[in-house]
Amino acid sequence: MTRHSEQEKLQLEHDAGKLFLRCYEHRFGIPMRHIWHNQPSKPDISCYRNEQKLDIEIAHLYASETEAMAVLGRPLSISMQRDLADMAMQPSEQRLHCALQRLLEQKGKKHYQSEQTWLLIRNASTIWHKADFDAELQNITIPLSHPFQQIWLLCDFYQGELLQLF
């Protein structure tokens, strides 16, 4: 990964984390402060939740390869291209389910050097909105084994519509 694309990735993670912290603090009244980035053996960012350290793994959800490339501003890995191509072959009503399920399964296999890890999924697609996620929640299967104490979804790329998946 080039230095420029790494900076873009860090900025996307930072922006997602900042939006999540603001939304979470507003909704629950619990202070969320000081974002910093971590090395790969740890989740993407860390912060303080009411003075207790919290690590957050951040994932972005896309509806298509074209959309992902536009948001990321860089080429995608072969495996990500395959996953997105498979998802694009699904009927449109199945795309959200397939994309979200794929992301949960991928992240569920990871391991981190962290005592308290949450997963934050940020919707990066313009075609899905909170109502779509609300309708799909009962159909989503959280992997039985995963490293996350909580799993959250930011339903919009820019606004704070927040859903707890786990």
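The values are calculated or read from the model by the stated rules, or taken from the named source; none is laboratory data. The model shown is predicted, which means the values in this text are computed figures rather than measured ones. Neighbour counts are summed over all protein chains in view; Cβ atoms, including those assigned to glycine, are modelled from backbone coordinates with ideal geometry. Quick note on the areas: whole protein, heavy atoms, side chains included, nothing else; ligands and nucleic acids left out. Shrake-Rupley method; radii C 1.70, N 1.55, O 1.52, S 1.80 Å.
The figures follow:
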{"read-out": "For a label point 7 Å along the Cα-to-beta-carbon line of residue 82, residues of the stretch 41-65 with backbone N under 18 Å", "value": "65"}
{"read-out": "Calculated from backbone phi, Karplus (6.51, -1.76, 1.60) coupling profile of the stretch 111-127 in Hz, x at Gly/Pro", "value": "10, 10, 8, 7, 8, 9, 10, 10, 10, 10, 9, 10, 5, 9, 9, 7, 8"}
{"read-out": "Heavy-atom SASA rank of 57, 115, 25 (probe 1.4 Å, accessible area, largest first)", "value": "115, 25, 57"}
{"read-out": "Members of 53/110; 42/130; 18/109 lying beyond 23 Å, as alpha-carbon distances in this model show", "value": "42/130; 18/109"}
{"read-out": "Ranked order, 114, 46 - accessible area, probe 1.4 Å, largest first", "value": "114, 46"}
